[in-house]
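The structure under discussion appears below in the form of structure tokens.
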Amino acid sequence: MEHSDTTTSEAGAASGLIGRVRDRAEAQLSSQKDRATDGIGTVAQAVRQSTQHLRDNHQETIARYAEQAADQLERFSNGLRNRDVGEIVEDVHRFARRQPALFVGSAFAIGVIGARFLKSSSDRAAHGRGLAGYRASAGGVDYAGRGY
């Protein structure tokens, strides 16, 4: 009987731990979702602002396409914002079961794009730090040989 009580309490503790991990992961995913929807909204706004420049340069057709793209980005962002993380995860699971090759290919493409983005971001940051260090050690002369 004593062994049964110990097993039950261990199972309860494990269940509690799993619940806490699940809640924390869901909170993290929700935060990432909010950040992503904000970013998509910002891109949509930037695309929308560029349409005025296109119209000023008599590029009405391209401006209309850009406006449509901005509208679709905003709809996607709003749809994502209004959905629960659990619903999104279930949709991804459903898509992966229906189209496994497309899912794997998309995941690979997103990974490659993400890696390129992170690499370019770190290269720019390193270049900026390197430039500051070069200027400091070069005695006030920049890369072009001009004093500053």
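Tabulated data for the structure shown
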read-out: Simple spin-label estimate for Ser122 and Ile88 in nanometres, 7 Å along Cα-Cβ; value: 2.5 nm
read-out: Estimated FRET transfer efficiency (Ile110, Ala46; beta-carbon r; R0 22 Å; 0.05); value: 0.55
read-out: Karplus (6.51, -1.76, 1.60) ³J(HN,Hα), θ = phi - 60°, over the range 106-119, in Hz, Gly and Pro reported as x; value: 5, 4, 4, 4, 4, x, 5, 4, x, 5, 5, 4, 5, 5
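Every number in this text was worked out from the coordinates using simple rules, so none of it is lab data. Please read these numbers as outputs of a predicted model, since none were measured by experiment. Every residue, glycine as well, gets a Cβ built from its backbone with ideal geometry; the counts of neighbours run over all protein chains shown.
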